[in-house]
């Protein structure tokens, strides 16, 4: 991929790469609208880091947008904008022409009719390709076979389901879902009790480094289903000493703090797609912010980001995704990769 590498004379902190290459799968780590806006494209990645070539990595706004959007920690390098733009046209045109790939499975090999209808409708909503995982090995080898199938099919979304009336099987499914999230670079839709059609989506924001793909999944689903979005930024609880102070949304949106800027970015994405949305702030502890919003709202789907390969890059927020699987009953989409074509 790299032929010559030299230091950028203008700013020694960035390397200039003469020859670069990418692929639709690599490009999918960065939404196409950001790639085109900032003339940037991912050119390499491993489990711990993604390398992004940019026409102008010294642009602070561009750097922040790129680093917030990619899931893994990003190394930024400089490359010729003409080469980057040609790769963008090649990689994203291929990606946009390729349908999303869904893989569905159920632990007891008996698909509940309600779940089956939901899976078919969900797949049709996003014009995706659907495959069903049918393990042929012993139960002890099912997990490894499933992981292999996810990688082989280049799966964008794994849909896990179980009979809606079986609490025991629901609880038995949770450890498998958690294991998959920790070891597979795919997004997961955990059905629990299916709700169709999708009219209201709860988008949970927790860290700008992992929210990017959750926002894109939520936008794609809301646009396709003509649903409304409730945006819930989960924020640290107010210390007891300051219990009389509540979070003020208007002040937050008017400030130039990181969260305020992040909410503005998300709001602009919704406006671009003409998706109706509401931002809510709650004052409970982080986990209970989600619990109360789920209990009080009439949501058909929850979308939340995760980054189990990098453990939130040292975020001070405790993990909210895995506890969520223990108690929530409506479908949850846990995003770890961008939907193809975004």
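Counting only residues that are closer than 20 Å to residue 294 by Cβ and either surrounded by fewer than 21 Cβ atoms within 10 Å (Cβ to Cβ) or not assigned by TED's automatic domain parsing to the domain that holds residue 106 (or both), the stretch 175-186 holds 2 of them. Number of residues in the stretch 11-63 that are in contact with a strand residue (DSSP E or B) (Cβ under 9 Å, 6 or more places away or on another chain) and either crowded, with 17+ Cβ neighbours inside 10 Å or within 16 Å of residue 73 (Cα to Cα) (or both): the value is 31. Among the residues of the stretch 155-170, those identified as modelled with pLDDT under 85 and in contact with a helix residue (DSSP H, G or I) (Cβ under 7 Å, 6 or more places away or on another chain) are 161, 162, 163, 164.
In the stretch 34-58, what residues are over 19 Å from residue 185 (Cβ atoms) and touching a helix residue (DSSP H, G or I) at 6+ places or on another chain (Cβ under 7 Å)? Hits for the stretch 34-58 are 34, 35, 36, 38, 39, 40, 53, 54, 55, 56, 57.
Reported count of residues in the stretch 210-238, each being part of a helix (DSSP H, G or I) and surrounded by 19 or more Cβ atoms within 10 Å (Cβ to Cβ), is 14. Counted as qualifying within the stretch 241-325 are the helices (runs of 4 or more DSSP H) with 2 or more residues that are modelled with pLDDT under 80, namely 249-254, 258-272.
Of the residues making up the stretch 189-209, those that are part of a strand (DSSP E or B), over 22 Å from residue 103 (Cα atoms) and out of contact with any helix residue (DSSP H, G or I) (no Cβ under 7 Å at 6 or more places or on another chain) number 1.
The values are calculated or read from the model by the stated rules, or taken from the named source; none is laboratory data. Please read these numbers as outputs of a predicted model, since none were measured by experiment. In this analysis, Cβ positions are derived from the backbone assuming ideal geometry, glycine residues included, and neighbour counts consider all displayed protein chains.
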